[in-house]
Amino acid sequence: MIPSSVCKVSVKINETGLLHISRMLNVHRDICGYCGCCVSVCPEGALELIDAYLSVEENCTSCGICAKVCPLGALEVVHEK
């Protein structure tokens, strides 16, 4: 079984100098069927299928449209806390 993986990670240094990592879009690779539905609806063009592998680029805004259209529920948007 292929584990879920985080495709987008935002790293920030807050005002106290502490490192803050925020996961933005999780791709559950054990569920993803690599159909491309998410790629076709991304308004930022941040998703790409490369050799049956879903790639998420830095311009992902975590809008969640891809997660809503995924027929298998393989994408999960995780918002900062």
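The values are calculated or read from the model by the stated rules, or taken from the named source; none is laboratory data. Since this is a predicted model, take the numbers as computed values, not measurements. Positions of Cβ are backbone-derived with ideal geometry, glycine not excepted, and every protein chain shown enters the neighbour counts.
Structure values in brief
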| item | result |
| --- | --- |
| Scan of segment 39-66 for residues that are exposed (fewer than 13 other Cβ atoms within 10 Å of the Cβ), at positive phi and small (Gly, Ala, Ser), ordered by number | Gly45, Ala52 |
| Conditions (1) within 14 Å of the chain's Cα centre (by Cα); (2) at pLDDT 90 or above: number failed by Gly33 | (1) |
| Matching entry among Val69, Val9 (being surrounded by 10 or more Cβ atoms within 10 Å (Cβ to Cβ) and at pLDDT 90 or above) | Val69 |
| Selection count where residues are assigned to a loop (DSSP other than H, G, I, E, B) and touching a residue at least 24 places away in the same chain (Cβ under 8 Å), scope segment 47-72 | 6 |
